[in-house]
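The values are calculated or read from the model by the stated rules, or taken from the named source; none is laboratory data. Source: prediction; values computed, not measured. Ideal geometry is used to build each Cβ from the backbone, glycine not excepted, and the neighbour counts take in all protein chains shown. Remember, those area values only see protein heavy atoms, side chains included, never the ligands or the DNA or RNA. Shrake-Rupley method; radii C 1.70, N 1.55, O 1.52, S 1.80 Å.
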Amino acid sequence: MSPRYAIYFAPDKYSPWREFGARWLGRDEYDNSVLPQPALDGMAPQAFAQITQDPRRYGFHATLKAPLRLAAGCDETGLMRRLNALAATLKPVAMGPMRVAAIGDFVALVPDGEPAGLQELAAACVRELDDLRAPLGEADRARRRVDLLDTRGIELLELYGYPHVMERFRFHMTLTGPVDAATAQTVIHAVAPEIARLNAGTPLSLDRLCLFVERAPGDPFLRLIDLKLHA
């Protein structure tokens, strides 16, 4: 199978936000090395490792364009070239304070307000690179759970390969896989003080586009390049 590529936002390598996320998930997305996870009150280390297993494979990030396979005639070099050109047209977005929240059955970091320019930036990442995306296959449709989508979700999936885009985009940086309500509250309680400290020290800025790759099905996603936004 061909690689899958994703356009993510991930904090700068030396950012305290990135340090928090990498240690929370227990993996360095640059070299796939294992990192010691923090102790969580009321949760055994094995249980903590289990609830972070799903997001660990993807790395600490927010999705701007979901994982895709390249269309015939496109390659990684060409994707990087197009991504660089797109980044040159986009302005950084000040995210404002972040908070920990339950989204459905998982826990994530989300903006506490509506950052100016965020929806437009996300839409540009989806729209301007979509000609590089290979058509959806049946495995892709199964992964996106077409049976659970409404009419607009199916329409967005067919148009852009992912249903949570355009007006349905919601910026989030995933911290857990599926958890029950009690576990979600345990995680929120544990993480909230650290996020308050990060908000006070170094407010989060969406200041780059990051290219991640899954080389083979089931492999961890690795971070290939960061492209700073300057427009």
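What to note about this one:
- Formal net charge of residues neighbouring V146 (Cβ-Cβ distance under 11 Å; K, R +1; D, E -1): -1
- Counting heavy atoms of the protein chains alone, L79 has an accessible area of about 10 Å² for a 1.4 Å probe.
- When only Cα pairs below 8 angstrom with a gap of at least 6 residues are kept, region 1-88 shows a relative contact order of 41 percent.
- For region 49-101, the pair-distance distribution built from all alpha carbon pairs, in bins 5 Å wide starting at 0, is 4, 11, 15, 20, 18, 15, 11, 6, 1 percent.
- Amide hydrogen proximity for I225: with H placed 1.01 Å from N in the peptide plane, the residues at 5 or more positions away or on another chain lying under 5 Å are L211.
- Relative contact order (%) - region 94-186, alpha-carbon pairs under 8 angstrom, separation at least six: 40
- Residue among L109, L211, L136 with the largest mean-square fluctuation in a Gaussian network model of the chain, springs linking Cα atoms under 10 Å: L136
- Additional length obtainable on full extension of the chain from L222 to A94, 0.36 nm per residue less Cα span: 43.5 nm
- Cα shape, region 10-59, gyration tensor, a/c 1.5 rule: prolate
- Helix 151-160 axis versus longest C-alpha principal axis of the chain: approximately 70°, rounded to the nearest ten.
- Working note: Cα gyration tensor of region 1-88, eigenvalues times five, square-rooted, sorted largest first, giving semi-axes of 30, 15, 10 Å.
- Between the entries [x] 26, 20, 15; [y] 41, 29, 18; [z] 27, 20, 18, the label attached to semi-axes √(5λ) of the Cα gyration tensor in Å calculated for this structure is [z].
- Rolling a 1.4 Å probe over the protein heavy atoms leaves V146 with an accessible area of roughly 50 Å².
- Degrees, to the nearest 10: 181-201 long Cα axis against longest axis of the chain: 80
- 13 Å beta-carbon shell around T186, net charge (K/R +1, D/E -1): -2
- Within the accessible area of the chain (1.4 Å probe), percent carbon and sulfur: 55
- Zero-based 5 Å bins, Cα pair distances in region 76-128, whole percents: 4, 17, 19, 18, 17, 13, 11, 3
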